[in-house]
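Bear in mind these aren't lab numbers, they're just calculated from the coordinates by the rules spelled out. Because the structure is a prediction, the values reported are computed rather than measured. A quick note on method: Cβ atoms are made from the backbone with ideal geometry, for glycine too, and the neighbour counts reach across all protein chains shown.
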Amino acid sequence: QTKSHYNFVVKEARYTRLCCTKNILTVNGQFPGPTIRVHKGDTIYVNVYNKGKYNITIHWHGVKQPRNPWTDGPEYITQCPIKPGGKFRQKVIFSEEEGTLWWHAHSDWARATVHGAINIYPGINSTYPFPKPYGEIPIIFGEWWKNDVNKVLTESLESGGAPNSSDAITINGQPGDLYLCSKSETFKLRVEQGRTYLLRVVNAAMNLILFFSISKHKLTVVGADAMYTKPMTRDYICISPGQTMDVLLHANQEPSHYYMAARAYSSAAGLEFDNTTATGIVQYSWSHTPLSTPSLPHLPNYNDTQAAFDFIRSIRGLPKKYPHEVPTKITTHVITTVSINTFPCPNGRQTCEGPNGTILSSSMNNISFQTPNKFDILEAYYYHINGVFSKGFPSFPPLIFNFTADSFPLTLNTPKRGTKVKVLKYGSTVELVFQGTNLVGGGLDHPMHLHGFSFYVVGYGFGNFNKSKHPMNYNLIDPPLLNTLMVPKSGWAAVRFLASNPGVWFLHCHLERHLTWGMETVFIVKNGKSLNETLPPPPPDMPLC
Ligand code: C2O
Ligand code: CU
């Protein structure tokens, strides 16, 4: 059932959730969007037609696209957006990935409703590293606003404050039966007793890290970010926006129906927390509707950082499946802070809605990224167009201080603005350390995502990273190979990768509000020496700005 050509028509459709009807942007009228099915190593073509009112781009999250940044998708990074009425034929090259990934819009906040799963089956003569599941089901988490998502974005940009929280978490597009008007459409997963199912779990939520569990059932994680992992059995999973997981579910309970539930994890200090829970039902065949209502599964408390990190840190790679070795000799060290910041309210305005009348921003190494809008960075790099970006992204924080202290002088809150990229030599081995700071708001977790690569996550910790101490405890034996990692609140995380994919690759926090505020940068991997280490020319129908 795999295909090599897809048509994605981006257009509005009317959807009703939470007793309200509105137009949302969809692909082919579907929400969540269509599932792409491929085998490892396949190349596909997707014709993207923009039949909506706004500019759009589509990104293939976690697909490395070797030597093919041209159709990677982030707007103004690797392409100009597809204008209303426009079309772009995107080539998607699958290489090492196997398991579950997803695709999503990568322009403004369109990804709230423009997203879908990518199932990557084993290569033709290969099998899963576990018994073949009886069924495979995507489980896609999302967030639903009653308001138009574009309005949520523009209002928050105008006010300078935090965007309004969503009105519900969704499982495969449905908030579930704890919400009014939702009960009859609650997502149902039908199973047969004694069978094993592969859940292809995607967190497509905009701003929420989630806990998920199923009543009376264990979940066995066997893959993350389209790489197999050591099987790990737990009562719950914790998954951040951008991450995907392959999870086995054994239908080994009495035939009945059981709740599945997803709820936000949030470490934000002092923020009001909305305790909403999305539900779905696991329905055994042959069971008749029981008399009593099923009970909700146990989920960790919304602010249980320990529960989140016990889970995240326990995921281990499967070394025999690694596409290349864990780099041990590092040629390029980069340490970057990831911070929430503020800018003063612009001239002529009394006050803004950020903390103390400021506007909220965010940064990496004290630079709040300014996205270009006349050219994209890949085009500027390829054609040597000056003035679009500068090569000034610092390899180390420009100022060293106790990043995770309780309070700071206010001057540290304000970053610089700029379009600064980091240039990497082809073939260099990179160690990248993310250092969280507690600058504004007291620290948060950041799911950091890199396009074009997977990285080995070799270390995590709380507090300040210490370069003479912490690397001695790195896991160089079985680190997970991921494309998105959660940097812990008031802590750090270290990754290693081989810069073997020439091109322009986006690096950003996958919490959409942090991306909007500037928590991102770009890695440019220079061309290698031989012809197959250099970029081919762009496709003929690249959208123009
Ligand atoms: Cu899920 Cu920049 O991507
Ligand atoms: Cu973030």
If you take the charge dipole of the stretch 175-228 about its Cα centre, with +1 on Lys and Arg Cβ and -1 on Asp and Glu Cβ, which of PHE211, SER184, ALA226 is farthest toward its positive end? SER184
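Quick check on the chain: helices-only [θ] at 222 nm, where DSSP H runs of length 4 and up contribute -39,500 (n - 2.57) each and the sum goes over total residues. Nearest 500, please. Intermediate values should be presented prior to the final figure.
Details: 4 runs with 33 residues, N = 545.
Mean residue ellipticity, 222 nm, calculated: -1500 deg cm²/dmol.
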Scalar couplings 3J(HN,Hα) for the stretch 335-340 by Karplus 6.51 cos²θ - 1.76 cosθ + 1.60 (θ = phi - 60°), nearest whole Hz, x for Gly and Pro, are 10, 10, 6, 10, 9, 8
Whether the stretch 286-431 is rounded, prolate or oblate, judged on the alpha carbon gyration tensor where a/c under 1.5 counts as rounded: oblate
With respect to the cross-link table entries LYS420/LYS469; LYS3/LYS51; LYS51/LYS422; LYS3/LYS83, which display a Cα-Cα separation exceeding 32 Å? LYS51/LYS422
Within the stretch 434-498, list the trypsin sites (Lys or Arg not before Pro) lying in a DSSP loop whose Cβ has at most 16 other Cβ atoms in a 10 Å radius. LYS467, LYS469
So what are the radius of gyration and Dmax for the Cα set of the stretch 81-185, in Å? 18.4, 56
Once each part is reduced to its C-alpha centroid, what is the distance from the stretch 1-50 to the stretch 134-164 in angstrom? 17
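Taking the mean number of other Cβ atoms within 10 Å as a proxy for protection, how do you rank 120-127, 389-396 from highest to lowest? Present the calculation step by step, with values, prior to reporting the outcome.
Details: 120-127: 13.5, 389-396: 15.5.
Answer by packing, highest mean first, reads 389-396, 120-127.
As an exercise, use a Förster radius of 35 Å and the Cβ-Cβ distance of LYS218 and LYS188 to find the FRET efficiency, rounded to the nearest 0.05.
Values: r = 20 Å, r/R0 = 0.58.
E(calc), rounded to 0.05, equals 0.95.
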Counting only the backbone N, which residues of the stretch 92-121 are under 18 Å from the spot 7 Å out from the Cα of THR2 toward its beta-carbon? 92-103, 117-121
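Just in the stretch 138-243: which GluC sites (Glu not before Pro) are loop by DSSP and have at most 16 other Cβ atoms within 10 Å?
On the way: sites: GLU143, GLU155, GLU158, GLU185, GLU192; in loops: GLU192.
Answer by residue number: GLU192.
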Inverting the mean 1/r over all pairs of different Cα atoms, compute the Kirkwood radius of the chain and quote it in Å. 23.7
When the chain is fully extended, how far beyond the present Cα-Cα distance does ASN473 get from SER126, taking 0.36 nm per residue of separation? 121.4 nm
Report the calculated FRET efficiency for ASN402 and SER95 (r = Cβ-Cβ distance, R0 = 56 Å), to the nearest 0.05. 0.85
Between the modelled labels at HIS324 and ILE385 (7 Å from Cα along Cα→Cβ) the distance in nm is 3.0
